[in-house]
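See structure below.
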Amino acid sequence: MTTTQINDNRQHKRYNISWDVDAVIDGKVIQSTARDISSNGIFINTPVELHAGKDACVVLSLPRDNGIKPVKLHGKSIRTEPNGVAIEFQGLSPYFKDFFEKSISELLLLSGGLS
């Protein structure tokens, strides 16, 4: 897995990734890969035509104390492109965002994708 940290003017660190992801967006089931992720959102690669402003549920696998566990995150599609959709996570507490950021970093270190 190739992963790099993207440094831009965003509030949250964003990482280029290629992780499997399952999602339901506007009632459409998507099984694909993610292009990038932050504690604020995710970009999912998909040829499925989607629209901004739609409810989304995303399932990722993150490291936990006793192994890798699936985590379900809710949000909205905020941007679409011909090859995918950007999802902004909603309802995450500052504590969970911190945990999520640490989990992403830990998973990237474990996979050798972040140095």
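The values are calculated or read from the model by the stated rules, or taken from the named source; none is laboratory data. Since the structure is predicted, the reported quantities are computational estimates derived from the model, not experimental observations. Note: ideal-geometry Cβ built from the backbone for every residue, glycine included; neighbour counts use all protein chains shown.
Output the residues belonging to the range 41-85 that are outside any strand (DSSP E or B) and either touching a Cys at 6+ places or on another chain (Cβ under 8 Å) or among the acidic types (Asp, Glu) (or both).
Those that are outside any strand (DSSP E or B) and either touching a Cys at 6+ places or on another chain (Cβ under 8 Å) or among the acidic types (Asp, Glu) (or both): Glu49, Asp65.
Sort out which residues of the range 100-115 are closer than 19 Å to Cys57 by Cα and either at pLDDT 85 or above or over 15 Å from the mean Cα position of the chain (by Cα) (or both), and write them in order of number.
Glu101
Restricting to the range 33-52, name every residue that is touching a Phe, Trp or Tyr at 6+ places or on another chain (Cβ under 9 Å) and polar (S, T, N, Q).
Thr33, Ser38, Ser39, Asn40
What is the residue count in the range 53-78 for residues that are surrounded by 13 or more Cβ atoms within 10 Å (Cβ to Cβ) and over 22 Å from Ser105 (Cβ atoms)?
Residues that pass the stated criteria total 8.
Pairs needed: first member in the range 11-24, over 15 Å from Lys72 (Cα atoms); second member anywhere, acidic (Asp, Glu) and part of a loop (DSSP other than H, G, I, E, B); C-beta distance under 8 Å; at least 6 residues apart or different chains.
Correct list of pairs: Arg14/Asp8.
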